[in-house]
1. Using the membrane-span-like helix rule (whole DSSP H runs, Cα extent along the own axis of at least 20 Å, mean Kyte-Doolittle hydropathy at least -1.0), which helices of the chain qualify?
2. Taking only DSSP H segments of four or more residues, each worth -39500 (n - 2.57), what value at 222 nm results for the chain once the sum is divided by all its residues, to the nearest 500 deg cm²/dmol?
3. Under a 1.4 Å probe, what is the accessible area of the chain per residue, stated in Å²?
4. Expressed as a whole percentage, what fraction of the accessible surface of the range 7-241 belongs to carbon and sulfur atoms when a 1.4 Å probe is rolled over the protein heavy atoms?
5. Compute the signed sum of charges (Lys and Arg +1, Asp and Glu -1) over the other residues within less than 11 Å, Cβ to Cβ, of His80.
6. Amide H of Val192 versus every other amide H placed in the peptide plane: which residues, excluding those fewer than 5 positions away on the same chain, fall under 5 Å?
7. Heavy-atom accessible area of Val192 with all protein chains present, probe 1.4 Å, nearest 10 Å²?
8. In whole Hz and in residue order, list the ³J(HN,Hα) couplings for the range 32-37 that follow from phi through the Karplus curve 6.51 cos²θ - 1.76 cosθ + 1.60, θ = phi - 60°; x for Gly and Pro.
Amino acid sequence: MNTSSKIALVTGATRGIGRETVRQLAEAGVHTLLAGRNRDRAVEAALQLQAQGLPVEAIALDVTDPASIAAAASDVEQRHGRLDILINNAGILADETGKKVSEQTLDAWRTTFDTNLFGVIAVTQAFLPLLHKSAAGRIVNVSSILGSLALHQDPASPIYDFKLPAYNVSKSAVNAWTVQLAYELRDSAIKVNTIHPGYVKTDMNAGEGELEVADGARTSVRLALIDDNGPQGGYYYLEQVLPW
Ligand code: NAP
C-alpha cells in the first residue's frame, strides 16, 4: 500500500490528452493509475511511461461497463486503500458531421451520453468512498468549451458554429453534474471542478487542433494539484474561468 505519494487515476488514458495527463502527474511525483477500457492497450501505454522511470500502473476500466468500474474500484482499494485524484477524462465524439442538429440519431445521443455523462457519474460514484479516505481528494471532469451554453448562444463567440449537439449537450451536462456534486462536497475535503483542455491535436480531432497534447493536459493537471484554497465547482481553461 502506497502511503508516501499521492495516488491518481485517469480514465481514457491509453492515448491523447489522458495519456499525457498521466505522464505529467507522474512526472510531478504522483503515483498514477493509467486506466483504459482495453487492458492490453493500458498495459502497453503504462509500460512506455514506466520505461521513462515514471510511477505509472495500468488498470482496466471501461466507463460504460458497471462490472469493469466495480472491479477497478475494488482493485484500487486493495492496492492503495484510497484515491487522492480522479480525472474523468474518457470521452467520445459520436455526432455525424454534416448532419443538422435535429438530424443526429438517438443512437448517437445515447452512445455519447453513455460514455461522456453516465460514465463520469458511474465512475465518480464508485470511487467517491476512496476519495473520501484521502486528506485532500480532487476530481477533475474533462468537459469542453463546447459545453458552454453561454458561448453557444452568442453569435460572436468562436464556438457559435460548432453545433455537435450530442457531444456538446453531454459536456453541458457534465458541467451541470459538476455543480450538483460540488454542492454535496462543499463541506468535505474533496474538490470537484470541470475543465476545457483546449483545442488539442488528438485522434478525436483527426490530429487537428491549436495545442499539442503537452499543453492540452495542463488544465487537468493544474486542477488535480490545487491546494485546499483551490476552487470548488468551477469551469476552467488554463487559468481562465469559462462562462457556463
Ligand atoms: P482521444 O484521443 O479520442 O482519446 C479518448 C480516450 O478515451 C481514449 O483513450 C479512449 O480509449 C478513451 N475511451 C473512450 N471510450 C471509453 C470508455 N468507454 N471507457 C474508457 N475509456 C474510453 O480524445 P482526447 O482528445 O484525448 O479527449 C480526451 C478528453 O478531452 C475527452 O473527454 C474529450 O471530450 C475532451 N476534449 C478534447 C478536446 C480536443 O480538442 N481534443 C477538446 C475538448 C475536450 P481507447 O484507446 O480504448 O479508444
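1. Helices passing the filter in the chain: 66-80, 165-185.
2. Using -39500 (n - 2.57) per qualifying helix, the result is -12000 deg cm²/dmol.
3. About 46 Å² of surface per residue is accessible.
4. 52
5. Net of charged neighbours comes to 0.
6. For Val192, whose amide H was placed from the backbone, the distant partners under 5 Å are Ile139, Gly233.
7. Here the accessible area works out near 0 Å².
8. Listing the rounded values in order: 10, 8, 8, 9, x, 5 Hz.
The values are calculated or read from the model by the stated rules, or taken from the named source; none is laboratory data. Fair warning: this is a prediction, and the values are worked out from it, not measured in the lab. Neighbour counts run over all protein chains shown; Cβ positions are idealised from the backbone, glycine included. Areas reflect the complete protein model, heavy atoms only, side chains present, ligands, DNA and RNA absent. Shrake-Rupley method; radii C 1.70, N 1.55, O 1.52, S 1.80 Å.
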